[in-house]
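The values are calculated or read from the model by the stated rules, or taken from the named source; none is laboratory data. Note that this is a predicted model, so its numbers are computed, not measured. Please note: Cβ atoms are built from the backbone with ideal geometry, for glycine as well, and neighbour counts cover all protein chains shown. When the accessible area is computed, the model is the full protein with side chains, heavy atoms only, and any ligands, DNA or RNA have been set aside. Shrake-Rupley method; radii C 1.70, N 1.55, O 1.52, S 1.80 Å.
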Amino acid sequence: MVEVRAGELVEQLGGELLGDPALVLRRIAGLESADAESISFLANPKLEPLLQATRAGCLIVRGALRDAVRARPAAILVDDPYLYYARLSQWWAQRLRPPPAAGVHPSAVVEPGAKLHPQASIGALAYVGHRAAIAAGAVVGAQAHVGADAQLGAGCRIAARACIGAGSRLGERCVVQGGAVIGGDGFGFAPAAGGRWEKIEQLGAVRLGDAVEVGANSCIDRGALGDTVIGDGVKLDNLIHIAHNVEIGAHTAMAACVGVAGSTRIGAHCSFGGQVGIVGHIRIVDRVHVAAGAKVLRSILQPGRYGGAFPVDAAGTWEKNAVLVRQLGVLRARLRALENRSG
Amino acid sequence: MVEVRAGELVEQLGGELLGDPALVLRRIAGLESADAESISFLANPKLEPLLQATRAGCLIVRGALRDAVRARPAAILVDDPYLYYARLSQWWAQRLRPPPAAGVHPSAVVEPGAKLHPQASIGALAYVGHRAAIAAGAVVGAQAHVGADAQLGAGCRIAARACIGAGSRLGERCVVQGGAVIGGDGFGFAPAAGGRWEKIEQLGAVRLGDAVEVGANSCIDRGALGDTVIGDGVKLDNLIHIAHNVEIGAHTAMAACVGVAGSTRIGAHCSFGGQVGIVGHIRIVDRVHVAAGAKVLRSILQPGRYGGAFPVDAAGTWEKNAVLVRQLGVLRARLRALENRSG
Amino acid sequence: MVEVRAGELVEQLGGELLGDPALVLRRIAGLESADAESISFLANPKLEPLLQATRAGCLIVRGALRDAVRARPAAILVDDPYLYYARLSQWWAQRLRPPPAAGVHPSAVVEPGAKLHPQASIGALAYVGHRAAIAAGAVVGAQAHVGADAQLGAGCRIAARACIGAGSRLGERCVVQGGAVIGGDGFGFAPAAGGRWEKIEQLGAVRLGDAVEVGANSCIDRGALGDTVIGDGVKLDNLIHIAHNVEIGAHTAMAACVGVAGSTRIGAHCSFGGQVGIVGHIRIVDRVHVAAGAKVLRSILQPGRYGGAFPVDAAGTWEKNAVLVRQLGVLRARLRALENRSG
């Protein structure tokens, strides 16, 4: 359990405190579930109507709401309440779930030639391959896998049962969730006699910049010849597929279940909704935002917002429209015939 | 190998036996592959034409088919043959693959403070974290992971290499297939200076009711502040993504590759076909059924059947129609012009 | 590091060498990133313009390009440069990452009754269940799982943290990438009183032919009664779902994130783009090719190319068209009214 006084928080995280610095806070909560020992935040202006009703002991708000929070036990005025909440969550997590002690669990297997910083932590039943290098403050979870020649930068957190394949190189402060597989073979085969497929061994690796996050059970394949490259600050949600030789620019974010086919180059500061599909060998420039479910079948060379999913409809209606879409050519021909007649 | 007499089965599972109680059965089989030592079932009325041709020694059928099966070596008359088959499969599996003996495999790692019921079974190379609690009859498979403070109810089956993250709470008789990750971090980031993303630590947990099943390599993320909550009897197939703070009502079923974005609330007794996508922060009421591939982009407030996928077509035809969809605005304008002229 | 002379390569892999057999090659590279110590290949005629500019020391080309490469330090003339590259990549990988020595790592757990060929290799913290049989040259990676009664043919490569469930049978030379789960339970439940689901235990297994490849975090479920069957030479990319009792014919390839529902039978020599969805209980004949993102909702009984995804569009345009699709019935009615009036 975490217990902190409002004054302490402001000392650590900044902001202007109104009200009682001695107020004890025991949880972070949303506006509606907060109680007198909760700290909550108001980031979305649409939620301002909830401000009077919330029972939160301490509220994080923009300075413009100074008057609205003056009567509360405590409030913290900041420029960006959502960002402040993010930093508060980090502070809280450090106390709630302190990182494991440095050192190697006796049940872990560390192969000869691995270079472990004395401030790194290797969990129970984890595996660290030959010549792997693990920097200060990195945490390798229980049953996680770090292959031969892999490199983990300072402060990386590899969750339980994540897999960092041989030769992968991660920058500093990367987070890899459970079940993620970094460095599986790219999907490469040459057609051979009789319709057989001849495997193309994948000789490249995966490189992640600093502060990359990879979600649970996501996959980033190693390159065929060169590397698959994920830029600084890229955030990938769960069950994402990144094929071989893809490049993703800095600070691009992808929601769950996105698939990116081989050799595609994606710019920086892009975002992709859930289940977006992106074909191979195309280019997407910086600051492209694609809504959930859309299929990117060609390069996108202009920044902006893109969509491509149809919303569900009642089953009967949908089926009729789906049939009509197949008759669009006929409809157009009939329209043209009418135009000719009336013209 | 399992070997059982027809009479024994009926004693254990109920139903009215016709024919020879001493008939020996050695496998459960479909109607077409059954032989004289097979027990088979007829649940789908469309398959009644197969009834005469099947060589099954014993058939499970509705009472209404009494006359049609009278000449068989044996038959079992029941109210619901498919449900009877389900229970038969359970009885069979208990004998074919008896659960492992209680106790902890010597290669498993159990951290101090974990509370293991003496009737629980912890497999080879499994990991059980600090203060985790595992109830009677629970089975943790080889190389599976149960994080600190996690709770497994009585009779839970955690398959080999599944991962139950720290603080997750499972009810009784849950089944988690291999590679599933319960309790990965939700995908939460606040925008910061320079387009960077600041991680929001996920402080909530995952709660599963009783008799929940989670498929292979599916992911259920922990909540940001509160919990992600899966109701009693929910069945999730493989490669499903359930984001943070989602709530799913009792007995809802999802086929493989479904993705549900954050904070969405789904009712009870719903069903979702494969690859359905559901955006975040919406509500779906009880008894909603969404066909495979549809994208739910808004709340669904009426029970019923919904669809939203287009069927494949020959590539050339499809491409023409896909272009026409982009010209629908033009087609409508031309139609309007004609209407105006002819009006 | 690999170092080889051009002459040696041709001795091992065939082809006609032009130029200097003593030329030392230290990497395989694409045309654009190649240097004087690189061997590269030209397979795609569209890339011929790059041929003069590439700095590759040795080029693999078709015989027809003999004159174009005559001035190079070295070139190898072959019938099929891409296939030659595939074999070269295999030769290279053997030297770059020699397979682990035969034997069982002391940290692995091998249950009584398992039959390991002395030329098989079992990695650190791997698990091999009772009565499992592992043939000559098979490699089970670190932390991988081979369940009871499973069979691995000669030369199989099971990557770190892959899972071969109990009773699965793999032919020779199969490759299973990290995190794949072969033999999870199929998704089978019978409706019971109160809308509950009664589990149907999955009593079948998974059978893979020879030279099957299964990508990272893909899932192939065991059959309900019979087996799920994957033919020789089938190649499955990452995050693919193959449900229970599916059959896939020889040499069919599926890109990432494809989902195939239960009991569907797919022919040989088919291909499926990323994120294709295929419903259950249908049949797809040989030599069907389905483009990325399409949904196969009925049997496909004619070989050929099929499509079904809409490309993204600018968000505003897309939303207008998505609304128009829902009004297609109305548009058609208006068109008919006009036709009646003008007719």
Item to check | Anisotropy class of the protein assembly as shown from Cα gyration tensor, a/c 1.5 cut | outcome: rounded
Next on the checklist: Restricting to Cα pairs below 8 Å that are 6+ residues apart, what does the relative contact order work out to for the stretch A:234-343? Please round to a whole percent.
Outcome noted: 16 percent
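Against the globular-protein guess of 2.2 N^0.38 Å, express the Cα radius of gyration of the stretch B:1-41 as a ratio, rounded to two decimals.
Details: Rg = 9.9 Å, N = 41, 2.2 N^0.38 = 9.0 Å.
Dividing the Cα radius of gyration by 2.2 N^0.38 Å gives 1.10.
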Checklist entry - Taking square-rooted eigenvalues a ≥ b ≥ c of the alpha carbon gyration tensor, is the stretch C:197-252 rounded, prolate or oblate, where a/c under 1.5 means rounded and, failing that, a/b exceeding b/c means prolate? => result oblate
Next on the checklist: Rounded to whole Å, give me the distance from the Cα center of the stretch B:235-312 to that of the stretch B:42-86.
Outcome noted: 35 Å
Checklist entry - Hey, any idea what % of chain B's accessible area is carbon plus sulfur with a 1.4 Å probe? => result 52 percent
Item to check | Computed [θ] at 222 nm, deg cm²/dmol, chain B (DSSP H ≥ 4; -39,500 (n - 2.57); rounded to nearest 500) | outcome: -5000 deg cm²/dmol
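Counting pairs of Cα atoms in chain B, how many percent are more than 24 Å apart? Intermediate results must be reported in sequence, preceding the final value.
Numbers: 39436 of 58653 pairs.
Considering chain B, 67 percent of its Cα-Cα pairs are separated by more than 24 Å.
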Checklist entry - aspartates and glutamates near residue C:115 by alpha-carbon distance under 18 Å, same-chain residues fewer than 8 away left out - which ones? => result C:149, C:172
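Do you know the relative contact order of the stretch B:66-197, to the nearest whole percent, from alpha carbon pairs under 8 angstrom that are 6+ apart?
Numbers: 286 pairs, mean separation 17.9, N = 132.
Taking the mean separation of contacting Cα pairs over the length of the stretch B:66-197, I get 14 percent.
Write down the Å³ per residue value for the convex hull defined by the alpha carbon atoms of the stretch B:1-101. Please report the intermediate quantities before stating the final value.
Numbers: hull volume 9.3 nm³, N = 101.
Taking only Cα atoms, the stretch B:1-101 has a hull volume of 92 Å³ per residue.
Return the average number of partner chain Cβ atoms within 10 angstrom of each residue Cβ along peptide C:228-234.
Details: counts 0, 0, 0, 0, 1, 7, 1.
Average neighbour count from other chains, rounded to a whole number: 1.
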Checklist outcome for this item: Within the set C:235, C:320, C:199, GNM on chain C using Cα springs under 10 Å gives the largest fluctuation to C:320
Checklist entry - To the nearest 100 Å², how much accessible surface do chains B and A hide from each other in total, with a 1.4 Å probe? => result 5600 Å²
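Using alpha-carbon pairs under 8 Å, 6+ residues apart, how would you state the relative contact order of chain A in percent?
Contact order relative to length: 6 percent.
Under the definition of partner shielding as Cβ atoms of other protein chains within 10 Å of a residue Cβ, what is the mean value for peptide C:329-336?
Details: counts 5, 1, 8, 8, 0, 5, 9, 1.
What the average comes to for C:329-336 is 5.
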Checklist entry - Pick from C:278, C:76, C:200: which residue has the top mean-square fluctuation in a GNM of chain C where Cα pairs under 10 Å get a spring? => result C:76
Checklist entry - What are the residues of the stretch A:290-313 that lose 50 Å² or more of accessible area, with a 1.4 Å probe, going from their chain alone to all protein chains? => result A:295, A:297, A:307, A:310, A:311, A:312, A:313
Next on the checklist: Keeping every protein chain present and rolling a 1.4 Å probe, give me the accessible area per residue for the stretch B:229-273 in Å².
Outcome noted: 19 Å²
Checklist entry - Can you flag which of A:235/B:295; A:295/B:295; B:235/B:295; A:199/C:235; B:295/C:295 are past 18 Å Cα-Cα? => result A:235/B:295; B:235/B:295
Item to check | Mean accessible surface per residue for the stretch A:30-158, computed with a 1.4 Å probe while every protein chain stays in place, in Å² | outcome: 43 Å²
Next on the checklist: Mean-square fluctuation check for chain A, GNM, Cα pairs under 10 Å: which of A:157, A:326, A:72 is largest?
Outcome noted: A:326
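Taking a ≥ b ≥ c as the square roots of the eigenvalues of the Cα gyration tensor of the stretch A:76-209, is the shape rounded (a/c under 1.5), prolate (a/b larger than b/c) or oblate? Before the final figure, lay out the partial values.
Numbers: a/c = 2.79, a/b = 1.58, b/c = 1.76.
In terms of gyration-tensor shape, oblate.
From other protein chains only, count the Cβ atoms within 10 Å of every residue's Cβ in A:257-270, then give the mean. Working shown, then result.
Values: counts 13, 3, 12, 2, 8, 4, 1, 0, 0, 0, 0, 1, 3, 0.
Mean inter-chain Cβ contacts per residue within 10 Å come to 3.
Considering just Cα atoms, how many Å³ per residue does the convex hull of the stretch A:229-343 enclose?
Looking at the stretch A:229-343, the number lands at 136 Å³ per residue.
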Item to check | Signed unit charges on C-beta, dipole axis of the stretch C:80-219, positive-most listed residue C:142, C:93, C:202 | outcome: C:93
